[in-house]
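The values are calculated or read from the model by the stated rules, or taken from the named source; none is laboratory data. Since this is a predicted model, take the numbers as computed values, not measurements. Cβ coordinates were reconstructed from backbone atoms using ideal geometry, including for glycine residues, and neighbour counts include every protein chain displayed.
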Amino acid sequence: AQQVPDILSPEFAADPYPAYRVMREEAPLIWHEPTQSYIISRYEDLERVFKDRNGEFTTDNYNWQIEPVHGKTILQLSGREHSVRRALVAPAFRGADLQEKFLPVIERNSRELLDTFRHTGSADLVADYATRFPVNVIAEMLGLDKADHERFHGWYTSVIAFLGNLAGDPEVAAAGERTRVEFAEYMIPVIQERRKNPGEDLLSTLCSAEVDGVRMSDEDIKAFCSLLLAAGGETTDKAIASIFANLLLHPEQLAAVREDRGLIPRAFAETLRYTPPVHMIMRQSATEVTVSGGTIPAGATVTCLIGAANRDADRFRDPDRFDIFRDDLTTTTAFSAAADHLAFALGRHFCVGALLAKAEVETGVGQLLDAMPGIRLADGYDPVEQGVFTRGPQSLPVVFTPVAD
Ligand code: HEM
């Protein structure tokens, strides 16, 4: 059997896809000593773990993996407690709230960023656009003071460093915990103020939401907002960078999308399959379970490699090919049942912000194509993906024909 490169090794970080193939084909269940977890990589195994029809898996692992930086969030909840929390927060991310309140915020924030470089003829789509756009949108959706957006951005960076710290660097861990304290010191008074003077923003919606007589505490709302930094910021940031990298590297598909904007949802779905922003998520086994012929004991952490499962040849034809025209992928993102790539997971924790992410990415792509005619990668530049837990191009220098007003 081939040696499987360690998921913490530099060669894996440089290009995890060959290792994913070896895992899927030869070692679909691996015990990984450094992260003290069982690694799984096949589509059918991840689908089973996420859907969890037999109550075999929990998200208790998040009690130590994300609790130090976020506190207790929806991701750690299960059963009825989770369903109620989900019913409290989900309406804000779909339907009328999304269309009427937040779509204009998305469109304006994207345009404002584009206006900073559209006259210049060159930009780095990661630094100048992707890393700023989703987090600006969340800050404004929450109704935070514009003057505080830069601090919000700083917390965002620290939270992401904490979550990506698979190797357990103590300084990164300590910085993450400091962020939790600072974020709470900032957020709790804002929440209390918003309870007294509600507005049209997401924070006010979360403060007044009530399901079966249950409301969220200040601490619950603060933890949810903290989760949004990573869950809604970094993920969408990576999705935007990756959709552009994929299209720029496949100029004929970029030309097709430019010609027919109706293809943007296909490009988004295929990007989520081919280069998912979140490459791995964890679960905990509630009982002893058999996966791909091997045994996982009760109470073990299970690392689920989304990046590997999305390229499983048993599920997707010619999986290593980026092809927005493939017919084995649906493009609707609204409900977990309709999503067949695993980028948003499946089942009870299926991404609550999937429609918001779709609106942001699709708006962003449309506006960028309008603002940047003739867009192409800067001469000699080959995009380099970075990250193991979340992953996307490190930078994306492009040139285009400047557009005057
Ligand atoms: C859950 C991915 C955008 C909010 C998740 C999960 C994944 C994911 C994989 C499941 C985590 C797990 O089960 O352990 C993504 C990707 C995005 C994205 C790839 C962008 C392309 C967003 C946005 C928001 C958001 C824009 C909100 C602003 C959440 C929340 C959860 C979640 C709150 C937890 C849901 C629950 O526990 O019930 N996301 N996400 N996400 N996402 Fe997203």
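The residue list THR287, THR271, THR331 contains one member that is within 14 Å of the ligand (Cβ to nearest atom), in contact (Cβ under 8 Å) with a residue 12 or more places away in the chain, surrounded by fewer than 19 Cβ atoms within 10 Å (Cβ to Cβ) and not charged (D, E, K, R), which is THR331.
Of the residues making up segment 57-76, those that are out of contact with any helix residue (DSSP H, G or I) (no Cβ under 7 Å at 6 or more places or on another chain), within 26 Å of ARG273 (Cα to Cα) and of a type outside the set (Val, Ile, Thr) are ASN61, GLN65. Annotation note: Cβ proximity below 9 Å between a residue of segment 223-241 that is aromatic (Phe, Trp, Tyr) and a residue that is near the ligand (Cβ under 9 Å from one of its atoms) and assigned to a helix (DSSP H, G or I) (sequence gap 6+ or interchain) occurs for PHE224/ILE74; PHE224/ARG85; PHE224/VAL89.
For segment 226-254, a residue qualifies if it is at pLDDT below 95 and more than 10 Å from the ligand (Cβ to nearest atom), and exactly one does: SER226. Among the residues of segment 17-48, those identified as within 15 Å of the ligand (Cβ to nearest atom) and either surrounded by 23 or more Cβ atoms within 10 Å (Cβ to Cβ) or over 23 Å from ARG273 (Cβ atoms) (or both) are SER37, ILE40, LEU46.
Note on segment 112-133: among residues that are in contact with a Phe, Trp or Tyr (Cβ under 9 Å, 6 or more places away or on another chain) and of a type in the set (Phe, Trp, Tyr), the one that is nearest to TYR156 (Cα to Cα) is TYR129.
So, ALA96, is that one among the hydrophobic types (A, V, I, L, M, F, W, C) and in contact (Cβ under 8 Å) with a residue 12 or more places away in the chain or not? No, not satisfied. Filtering VAL257, VAL181, VAL172 for residues that are surrounded by fewer than 23 Cβ atoms within 10 Å (Cβ to Cβ) and at pLDDT 95 or above leaves a single hit, VAL257. Scanning segment 106-126 for residues that are surrounded by fewer than 17 Cβ atoms within 10 Å (Cβ to Cβ), without any contact (Cβ under 8 Å) to a residue 60 or more places away in the chain and in a helix (DSSP H, G or I) yields a total of 3. Residues that are within 24 Å of ILE306 (Cα to Cα) number at least 2 in the following helices (runs of 4 or more DSSP H) confined to segment 163-276: 218-228, 235-249, 264-274. VAL403 meets each of the listed conditions (1) β-branched (Val, Ile, Thr); (2) surrounded by 15 or more Cβ atoms within 10 Å (Cβ to Cβ); (3) farther than 15 Å from SER242 by Cβ apart from (2).
Residues in segment 104-157 that are within 13 Å of LEU368 (Cβ to Cβ), over 18 Å from the mean Cα position of the chain (by Cα) and hydrophobic (A, V, I, L, M, F, W, C): LEU113, LEU114, PHE117, ALA123. Can you find even one residue in segment 334-343 that is touching a helix residue (DSSP H, G or I) at 6+ places or on another chain (Cβ under 9 Å) and farther than 20 Å from ARG48 by Cβ? Yes - at least one qualifying residue is present in segment 334-343.
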